[in-house]
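For reference, the structure is listed below as structure tokens.
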Amino acid sequence: MKKQIVVIGLGRFGSSVCKELYGMGHDIMAIDSNPETVSTMSDYASHTATADATDEGSLKSLGVRNFEYAIVAIGDDLQASVLCTLMLKELGVPKVWVKARDQQHQKILERIGADRVIQPEYEMGVRTAHHIDSEKVVDYINLSENYSIIELAASKKVIGKTLGELNIRKDYGCMILAIKHGEDVNIAPLLEDSIEEGDILIAMGHKEDLKRFEDKGL
Ligand code: ADP
């Protein structure tokens, strides 16, 4: 379904979010205080505007309150990012996602009502570490301090076996949410479904259990 999204701050992060969402067919308004930056985005957004996102009048006149989502990607200007987030929430934007530069910034944003805070460098660093730690890990999503979802490449140990035979839930306490086979994704694998060469298992569980599964079960 087409979503109405306003992206504020068109640096590396904001512009890539904007381009990707516009490419997916969503309705995007791209805002930055720098007119040159705004002009580079005219082909990648439904509407563009040059405005200071800390100015309530500008946000109102651009009609941001009518958007379902706002992405605040104002880089290092903590004050501007906080002020803009606060105003978007006060204007009633239902989902405000904000890029934070560090933990302190994240805490402030959470306190003032940001619906989701993203620390791209930190999050990417964690993912990279997991990729290096285990070459079996294809992708990694942190759910909380203790739980995560990982994509694991099927090893020889599991190829040809069914989920029932592997008994991953009982032995490791992890759930196999899906099995990727090329472009196909089996999103509700059954106990009788078997794992083939080249498959990727999407597993959810406690980080310690997932690590055990990765080390011993695969
Ligand atoms: P990144 O690390 O994602 O590249 P940058 O710090 O380079 O982020 O970019 C942040 C963007 O936010 C810049 O394009 C800047 O012009 C824009 N910006 C900064 N302050 C404001 C503001 N008050 N209103 C609108 N845009 C802003």
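Scanning region 181-197 for residues that are in contact with a strand residue (DSSP E or B) (Cβ under 7 Å, 6 or more places away or on another chain) and either open to solvent by 60 Å² or more (accessible area, probe 1.4 Å) or within 15 Å of His130 (Cβ to Cβ) (or both) yields Val185, Ile187, Leu191, Glu192, Glu196.
Could you identify the single residue in Cys84, Cys18 that is outside any strand (DSSP E or B), within 23 Å of the chain's Cα centre (by Cα) and more than 9 Å from the ligand (Cβ to nearest atom)?
Details: Cys84 fails: more than 9 Å from the ligand (Cβ to nearest atom).
It is Cys18.
Being open to solvent by less than 30 Å² (accessible area, probe 1.4 Å), under 17 Å from the mean Cα position of the chain (by Cα) and within 15 Å of the ligand (Cβ to nearest atom) is a property that holds for Val96. Per this entry, Glu135 is counted among residues that are open to solvent by 50 Å² or more (accessible area, probe 1.4 Å), away from the ligand (no atom under 16 Å from the Cβ) and in a loop (DSSP other than H, G, I, E, B). Exactly one residue out of Ala53, Ala45 is within 8 Å of the ligand (Cβ to nearest atom) and surrounded by 18 or more Cβ atoms within 10 Å (Cβ to Cβ): that is Ala53.
Is region 165-185 home to any residue that is under 17 Å from the mean Cα position of the chain (by Cα) and closer than 25 Å to Val17 by Cα? Steps first, answer last, please.
Of all residues in region 165-185, those under 17 Å from the mean Cα position of the chain (by Cα) come to none.
No.
Within region 1-15, being in contact with a helix residue (DSSP H, G or I) (Cβ under 7 Å, 6 or more places away or on another chain) and either within 13 Å of the ligand (Cβ to nearest atom) or in a helix (DSSP H, G or I) (or both) holds for Val6, Val7, Ile8, Leu10, Phe13. Taking region 164-179 as the range and being touching a strand residue (DSSP E or B) at 6+ places or on another chain (Cβ under 7 Å) and open to solvent by 60 Å² or more (accessible area, probe 1.4 Å) as the test, the residues that pass are Arg169, Met175.
Give the residue, chosen from Ile141, Ile202, that is closer than 30 Å to Gly92 by Cα, β-branched (Val, Ile, Thr), not assigned by the TED database to the domain that holds Gly75 and not in a loop (DSSP other than H, G, I, E, B). Write out each step before concluding.
Working: Ile202 fails: closer than 30 Å to Gly92 by Cα.
Criteria check complete, one pass: Ile141.
Out of Asn66, Asn142, Asn146, which single residue is in contact (Cβ under 8 Å) with a residue 60 or more places away in the chain, closer than 16 Å to Lys211 by Cα and open to solvent by 60 Å² or more (accessible area, probe 1.4 Å)? Show your work before the answer.
Working: Asn66 fails: closer than 16 Å to Lys211 by Cα; Asn142 fails: in contact (Cβ under 8 Å) with a residue 60 or more places away in the chain.
That would be Asn146, the only listed residue that is in contact (Cβ under 8 Å) with a residue 60 or more places away in the chain, closer than 16 Å to Lys211 by Cα and open to solvent by 60 Å² or more (accessible area, probe 1.4 Å).
The values are calculated or read from the model by the stated rules, or taken from the named source; none is laboratory data. What you see is a predicted model, and the numbers here were worked out from it, not measured in a lab. A quick note on method: Cβ atoms are made from the backbone with ideal geometry, for glycine too, and the neighbour counts reach across all protein chains shown. Heads up: the accessible areas ignore ligands, DNA and RNA and are worked out on the full protein's heavy atoms, side chains in. Shrake-Rupley method; radii C 1.70, N 1.55, O 1.52, S 1.80 Å.
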